[in-house]
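This report concerns only the one structure given below.
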Amino acid sequence: MSSHISNVRPPADTLLTQIADYVCAEPKFSDEAYETARYCLLDTLGCGILALNYDACTKLLGPIVPGTVVPNGARVPGTNYELDPVAAAFNIGTIIRWLDFNDTWLAAEWGHPSDNLGAILAVTDYLTRSGKKKFTVRDILTAMIQAHEIQGVLAIENSFNRVGLDHVLLVRIASTAVATRLLGGTRDQIINAVSNAFADGGALRTYRHAPNTGSRKSWAAGDATSRAVTHALMSLKGEMGYPSVLTAKTWGFCDVLFKSQPIKLARPFGCYVMEHVLFKICFPAEFHAQTAVEAGLKLHPHVKDRLADIDRVEMTTHESAIRIIDKRGPLNNPADRDHCLQYMAAIGLIFGELTADHYENKVASDPRIDALREKMIVTEDKRYSREYLEPDKRSIANAMQVFFKDGKATDRVEVEYPVGHRRRRKEGIPLLIQKATDNLKTQFDAQRSESLVKMFNDRASLEKMDASEFVSAWVKR
């Protein structure tokens, strides 16, 4: 008997149509979502400006072919580059993510939704400057809310990292959908573009884990956003899509890469993720360690003069932290160190602060750090792990207690919610504004830095600002 495979093209997979319908619909987002997006925009650009202080980042920036200038090209904040939107998306996405200091989303999968700003800013600036379309900052904020939502909702119940795929897969999907819409794509063109983004598969997580942790994790988001803009532009040229890219037997994404499990939506698309996003406010540290570092800073005054007398440090954490950042042995580079729970906690205990400079070789060579790491005992608290996943809590808890050789000990310090959590939003926003101001002053003079921050004080005026005028305020003069 013949077993011919049907070549009848099926309807588009449901998830593809849900994403397309969401970005095509008239946005009806909450005031809280726009308010949070405004602070997210300031924080994200501040993180990008801070990254320009590091040669390992800036060496990757600029056009693919040195010296290339694109008339009316998209600008890269903090630089004088004018690039095609694909290259600009890579540049912007790279500076945003370089120091692991922008916002975070934690669920079954995690990631950094503001990574999508690489595509959003590149496309809106390019189109507005070229006169092809006119966008305002309100449009940028709307696109940010949509990208946050697509990436974040897909992450709630689908754990791509558990099958070895990097979470920047979701940056590529979200950025593709939003970039295609911004470029003027139709519903069908958005479906086609997103199907191609899924057909790319996913980058391996090799570069995030011992013994291979390396700097690719800092430019992977830039790569994802640039790929997204490529898919969007190709779709507008009429490039075809693949309607059953997810569900096709044998050859579809789910069968090949997701152990034949369907991709599930935990909730309808809206503005939930932007409202609940986690800001990294105080420390450029992998988010599962944020509360551990905060605990370390609280203990710093009690241990700073007794480091040699420490017998052990008992740390209690949640399952995700143990799986991702619990590391023993040598740490080979800054990317390795900012993903080591013990290293970050040791910095907090020893120095009473944690900045990006603490990951560099000069500080890492301090023998006290590795000596203290060796004395750390990390265990899981099942309650922490459970409440990390509970939708009404989403805690990221860590606790720490230091024991001395003479039998004495510090108090046990427990921090369940980091300052960037929605539960601490009122406390966190003034600190976020100060963080942005400090970051900008590393590249701009005080007057210009304060002027940039001041733009965000009047939300109504900011939202009306032309997108190109907004980006112009951030370029190098």
**Report entry** Thr17 more than 19 Å from the chain's Cα centre (by Cα) and at negative phi
**Finding:** yes
Report task. Quickly run through region 430-441 and pick out the residues that are touching a helix residue (DSSP H, G or I) at 6+ places or on another chain (Cβ under 6 Å) and either surrounded by fewer than 18 Cβ atoms within 10 Å (Cβ to Cβ) or over 23 Å from Ile140 (Cα atoms) (or both). Result -> Thr437, Lys441
Query raised in the report: Is it the case that some residue within region 104-111 is modelled with pLDDT of 95 or more and either under 16 Å from Ser218 (Cα atoms) or surrounded by fewer than 22 Cβ atoms within 10 Å (Cβ to Cβ) (or both)?
Result: no
Report summary line: Per the filter on region 310-356, residues assigned to a helix (DSSP H, G or I), among the charged types (D, E, K, R) and over 20 Å from the mean Cα position of the chain (by Cα) are Glu319
Query raised in the report: Quick one: in region 298-309, which of the residues that are in a helix (DSSP H, G or I) and touching a Leu at 6+ places or on another chain (Cβ under 8 Å) is nearest to Ala399 (Cα to Cα)?
Result: Leu299
Query - Scan of region 313-329 for residues that are among the charged types (D, E, K, R) and surrounded by fewer than 16 Cβ atoms within 10 Å (Cβ to Cβ), ordered by number - result: Arg323, Arg328
Report task. Identify, from the list Ala179, Ala193, Ala197, Ala174, the residue that is free of Cβ contacts under 8 Å to residues at least 40 places away in the same chain and crowded, with 23+ Cβ neighbours inside 10 Å. Result -> Ala197
Report summary line: Looking across region 403-423 at residues that are among the small types (Gly, Ala, Ser) and either touching a residue at least 40 places away in the same chain (Cβ under 8 Å) or not in a loop (DSSP other than H, G, I, E, B) (or both), the single one that is surrounded by the most Cβ atoms within 10 Å (Cβ to Cβ) is Gly420
Query raised in the report: Just to be sure, is Thr230 crowded, with 24+ Cβ neighbours inside 10 Å and assigned to a helix (DSSP H, G or I)?
Result: no
Report task. Return only the number of the condition from (1) modelled with pLDDT under 95; (2) out of contact with any helix residue (DSSP H, G or I) (no Cβ under 6 Å at 6 or more places or on another chain); (3) over 26 Å from Ile429 (Cα atoms) that Asp100 does not satisfy. Result -> (3)
Requested in this report: Return the pairs, sorted by first residue and then second, in which the second residue is aromatic (Phe, Trp, Tyr), the first residue lies in region 136-150 and is part of a helix (DSSP H, G or I), the beta carbons are less than 6 Å apart, and the residues are 6+ apart or on different chains.
Outcome: Val137/Phe470; Leu141/Tyr34; Ile145/Phe29; Glu149/Phe269
Report task. Name every residue in region 233-282 that is within 30 Å of Leu42 (Cβ to Cβ), among the charged types (D, E, K, R) and surrounded by 15 or more Cβ atoms within 10 Å (Cβ to Cβ), in order of residue number. Result -> Glu275, Lys280
Query raised in the report: So which of Arg383, Arg394 is under 31 Å from the mean Cα position of the chain (by Cα) and at pLDDT 95 or above?
Result: Arg383
Report task. Restrict the check to region 78-100 and report whether at least one residue is part of a loop (DSSP other than H, G, I, E, B), within 19 Å of the chain's Cα centre (by Cα) and closer than 28 Å to Phe29 by Cβ. Result -> yes
Query - In region 192-220, the residues that are among the polar types (S, T, N, Q), in a loop (DSSP other than H, G, I, E, B) and touching a Leu at 6+ places or on another chain (Cβ under 7 Å) - result: none
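To keep it simple, each residue is scored yes or no on (1) over 27 Å from Ser114 (Cβ atoms); (2) modelled with pLDDT under 95.
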{"residue": "Ala199", "(1), (2)": "no, no"}
{"residue": "Gly202", "(1), (2)": "no, yes"}
{"residue": "Ala220", "(1), (2)": "no, no"}
{"residue": "Ala232", "(1), (2)": "no, no"}
{"residue": "Met240", "(1), (2)": "yes, no"}
{"residue": "Phe258", "(1), (2)": "no, no"}
Report task. Could you please let me know if Gly78 is in contact with a helix residue (DSSP H, G or I) (Cβ under 8 Å, 6 or more places away or on another chain), under 30 Å from Asn457 (Cβ atoms), at pLDDT below 95 and not polar (S, T, N, Q)? Result -> no
Query raised in the report: Listed residues Leu60, Leu41; which is surrounded by 17 or more Cβ atoms within 10 Å (Cβ to Cβ) and among the hydrophobic types (A, V, I, L, M, F, W, C)?
Result: Leu41
Query raised in the report: So which residues in region 357-380 are under 24 Å from the mean Cα position of the chain (by Cα) and part of a helix (DSSP H, G or I)?
Result: Asp357, His358, Tyr359
Report task. Could you please find all residues in region 381-402 being touching a strand residue (DSSP E or B) at 6+ places or on another chain (Cβ under 9 Å) and either in a strand (DSSP E or B) or loosely packed, with under 15 Cβ neighbours inside 10 Å (or both)? Result -> Asn398, Ala399, Met400, Gln401, Val402
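The values are calculated or read from the model by the stated rules, or taken from the named source; none is laboratory data. Owing to the predicted nature of the structure, the values given are computational and were not obtained by experimental measurement. Positions of Cβ are backbone-derived with ideal geometry, glycine not excepted, and every protein chain shown enters the neighbour counts.
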